[in-house]
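Colleague: The structure's right below; bear with me while I get my questions together.
The values are calculated or read from the model by the stated rules, or taken from the named source; none is laboratory data. Since this is a predicted model, take the numbers as computed values, not measurements. Virtual Cβ from ideal backbone geometry, glycine too; neighbours counted across all protein chains shown. Quick note on the areas: whole protein, heavy atoms, side chains included, nothing else; ligands and nucleic acids left out. Shrake-Rupley method; radii C 1.70, N 1.55, O 1.52, S 1.80 Å.
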Amino acid sequence: MDPESADALVAAFTQFDRDRDAAVAVLWGEGGAFCAGWDLKYCASLTENVSELNKIDYPLDDRKAIPRGPLGPTRLELDKPVIAAIAGPAVAGGFELALWCDLRVMERSAYFGVYCRRWGVPLVDGGTVRLPRVVGMGRALEIILTGRKVPAEEALRIGACEHVVDDGGARAFAEAMAHQIARFPQVCVRADRRSAYMQQGLGLRDAMRKEWYNGFPAFVAEGAAGAARFASGKGRHGDFSDL
């Protein structure tokens, strides 16, 4: 991921989040690889002068705009879900990019790994934040500190991805999942997604309080009418075909 590609990804996801007709995004890598990380040739050019990196320093003042991460959109806080369709390597910063997504679909030959461990390049795109939240601290530290390869089947077992599919099928599977999610009332989908993120780090009462005040407007906007449709006979016995 070079700076130009990072900027392009930020622009694409910013446009997606603003597009009223777009509900779910799928992020995938063309050519059989999700992302092999940061462009280390560019990284090596910074040995004499890191001023270019200082331009994307994470601001200490919350009132300031947050610049993009080295891998692009990893600091964006979207209001819509993103699904990663992963083929081949998603390593180093590419692993962090996958962790930024809400859901991950991996092909059987795909893999994760903190391969930047070999070169002394730290995780600065949220990897040390998101991986422990996804798989737990112990597993996360073992993966981070050893830099070893994490194959798709192991990723599924430890909760680092949600689905493993045959090679060549990740994008189609992720897009089908995206269409399924996009069928539902979207105010509610986004409210529930937001509540799941908002509760991180909170005690039970504070988390429940945030869930209520975040979810109640969605009930007013969509839930009451949806309950009326169910009462009229739609969607019985778990039928999702007629919403």
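Colleague: Over the range 57-111, calculate the relative contact order: mean separation of alpha carbon pairs under 8 Å at least 6 apart, over the residue count, as a percent.
Modeller: 32 percent
Colleague: Keeping all protein chains in position, work out how much accessible area T14 exposes to a 1.4 Å probe, and write it in Å² to the nearest 10.
Modeller: For T14, solvent-accessible area is about 40 Å².
Colleague: What percent antiparallel are the DSSP beta bridges of the range 49-176, to the nearest 5?
Modeller: Given both bridge residues lie in the range 49-176, the antiparallel proportion sits at roughly 30 percent.
Colleague: Moving on to the next point. When DSSP assigns beta bridges and you keep just the ones with both residues in the chain, what percent turn out antiparallel, to the nearest 5?
Modeller: 20 percent
Colleague: Only Cα pairs under 8 Å and at least 6 apart count here; give the relative contact order of the range 1-130 as a rounded whole percent.
Modeller: That works out to 29 percent.
Colleague: Here's something else I'd like to know. Note the angle between two axes, namely the Cα long axis of helix 204-218 and the longest principal axis of the Cα atoms of the chain, as a number of degrees from 0 to 90, rounded to the nearest 10.
Modeller: Roughly 60 degrees, rounded to the nearest 10.
Colleague: Hey, another quick one. Once Lys and Arg get +1 and Asp and Glu get -1 on their Cβ, which of V91, V105, A8 lies farthest toward the positive end of the dipole of the range 1-105?
Modeller: V105
Colleague: Here is a further query. I'm spelling it out carefully: the read-out is Rg and Dmax of the Cα atoms in Å, the candidates are (i) 19.5, 69; (ii) 18.7, 70; (iii) 18.2, 58, and one was derived from this structure. Which label?
Modeller: Of the listed options (i) 19.5, 69; (ii) 18.7, 70; (iii) 18.2, 58, (i) comes from this structure.
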